[in-house]
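No lab work stands behind these numbers, since they all come straight from the coordinates. Just so we're clear, the structure is a prediction, and the values are computed from it rather than from any experiment. Glycine also receives a Cβ, built like all others from the backbone with ideal geometry; neighbour counts cover every protein chain displayed.
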């Protein structure tokens, strides 16, 4: 847990006041508590986690439940209006910004996006449903992504149009 927290702090530029770091700190505690023994101590940790989760949610507008799978160097660049489903999965070196929703497309299909490595999600973007986002993808601000995005692509618009990422 502490190695992850140190890495999260580094990814947020060493800024203890970064609200994205606060959300990740509570997230890491929530993941860590699953391994706590004995059961009574784990239940106490679960109560503390639930209180901290709600406090961070109220203060920062970031909903990042501990059920989400997050890789290394995850950065929440700005705060406010961020909702991530507990079913979502993120690879390494991902970045999200304010107003981003990563979640379910339909309530009766509890499956959220699987996001690859080095994915940058712009402000206000919505990434929804049983989809896969490849490595090295940029999702533009306010894009609504409801279909798979292959690696080395950019997704922009409503609904998102997928284009190869021009390097050069």
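Scan the range 1-11 and tell me whether some residue there is surrounded by 19 or more Cβ atoms within 10 Å (Cβ to Cβ), in a loop (DSSP other than H, G, I, E, B), touching a helix residue (DSSP H, G or I) at 6+ places or on another chain (Cβ under 6 Å) and in contact (Cβ under 8 Å) with a residue 24 or more places away in the chain. No, the range 1-11 has no match at all.
Across the range 29-40, the number of residues qualifying as assigned to a helix (DSSP H, G or I) and out of contact with any helix residue (DSSP H, G or I) (no Cβ under 9 Å at 6 or more places or on another chain) comes to 2. Which strands (runs of 3 or more DSSP E) sit wholly inside the range 58-168 and have at least 2 residues that are touching a strand residue (DSSP E or B) at 6+ places or on another chain (Cβ under 9 Å) and surrounded by 17 or more Cβ atoms within 10 Å (Cβ to Cβ)? Where strands (runs of 3 or more DSSP E) fall fully within the range 58-168 and carry at least 2 residues being touching a strand residue (DSSP E or B) at 6+ places or on another chain (Cβ under 9 Å) and surrounded by 17 or more Cβ atoms within 10 Å (Cβ to Cβ), they are 82-84, 101-103, 126-128, 153-156.
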